[in-house]
Amino acid sequence: MISFIRNLVGVKTDRAVQASVEALVRWDPQAATEAELRTMEQHLDDLGLQVAHARATYEREKKEADAINSLSRQRLAAAEQIERQAAAETDPGRKAALEKSLATLVNMLEEMAPEIEREESEATDAKDFVQMLEQTYADAGAKLKRARGDLERAQRDMSRAQQQRDAAERRAEAARQAAGLASATSGLSVALKSMQDSAARDLASADAASAKAKLLKPTKPEEDDPNIAEALRLASGQSPAPVALSDRLAAIRARK
């Protein structure tokens with residue numbers, strides 16, 4: 001039960017961490033990508049160290065295998081030479097000594113065989129491990145290079161998109177300003193037309209009043225001809241204009 005609870009807490013913690021990481025990525029994808037590239041680069045550096053250690057191990061194992069093989073070949077050559085000498089020796093004592101030396105070398109060669117096989121196997125394994133790590137290192141380097149290129153292309157695409165968006169916004173703003181100017185021009189045209197219509201109406205009214213005044217104003221013959229003028233005054237209900245001095249004086253007194 002305790003183990004189950006511990007594992008459950010671990011799962012929930014892992015999920016919370018994953019959710020936090022995803023939230024950070026959504027918040028700033030560019031920084032998250034750069035962080036991922038740095039992690040990949042650190043991993044590549046670690047692989048590089050492993051490759052270096054593995055290569056050093058392989059070089060050591062190879063030297064040990066080469067050394068024991070060289071010693072084995074030397075002992076084999078010595079044993080073959082003693083074998084030839086023993087075969088050609090006629091002195092029993094000398095022949096027995098040579099055969100004893102030959103037996104010693106043969107025993108040594110037989111004892112060396114498993115060691116030689118082990119050293120050669122270790123050198124082969126070390127070589128295979130180095131090759132595997134080198135391939136992994138090369139693949140990781142290529143992956144990091146591609147990822148870095150992808151990030152740079154994405155950054156260029158973002159910059160290009162930002163420029164295009166700014167240009168579109170500038171065009172939209174210019175269109176809005178043009179529309180506002182057109183509206184203002186239209187309003188100005190309406191105002192000008194209204195002013196012109198008002199002026200035309202006033203001018204027409206003035207012309208009509210002038211014509212009416214001209215029509216109502218007595219003509220020159222009416223003013224110059226005393227008989228016509230007097231007749232017009234009488235027709236309009238006015239009293240005849242006084243002619244004698246006494247009548248004119250009486251009219252003055254009447255006005256006072």
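Over region 18-178, average the accessible area per residue using a 1.4 Å probe and give it in Å², no decimals.
Details: 11570 Å² over 161 residues.
Per-residue value: 72 Å².
Note down the magnitude of the dipole of region 18-178 about its Cα centre, charges +1 on Lys and Arg C-beta and -1 on Asp and Glu C-beta and zero elsewhere, to the nearest 20 debye.
On the way: 25 positive and 33 negative charges, 213 e Å.
My answer is approximately 1020 debye.
Which FRET efficiency value, to the nearest 0.05, do you get for Met108 and Arg38 by plugging their Cβ-Cβ distance into 1/(1 + (r/R0)^6) with R0 = 45 Å?
0.20
Give me the net charge for the shell around Arg148: Cβ to Cβ below 12 angstrom, other residues only, Lys and Arg +1, Asp and Glu -1.
Taking every other residue near Arg148 into account, the sum is 0.
How far is it, in nm, from the label point at Lys145 to the one at Arg201 when both lie 7 Å from their Cα along the line to the Cβ?
8.5
Going 7 Å from the Cα of Leu71 in the Cα-to-Cβ direction, what parts of region 92-125 have a backbone nitrogen less than 17 Å from that spot?
From region 92-125, the list is 104-123.
Would region 18-178 count as rounded, prolate or oblate if I go by the C-alpha gyration tensor, calling it rounded below 1.5 in a/c and otherwise prolate when a/b exceeds b/c, oblate otherwise?
Prolate, since a/c reaches 1.5 and a/b exceeds b/c.
The values are calculated or read from the model by the stated rules, or taken from the named source; none is laboratory data. Not measured: the values here are computed from a predicted model. Ideal geometry is used to build each Cβ from the backbone, glycine not excepted, and the neighbour counts take in all protein chains shown. Note: areas computed on protein heavy atoms with side chains; ligands, DNA, RNA excluded. Shrake-Rupley method; radii C 1.70, N 1.55, O 1.52, S 1.80 Å.
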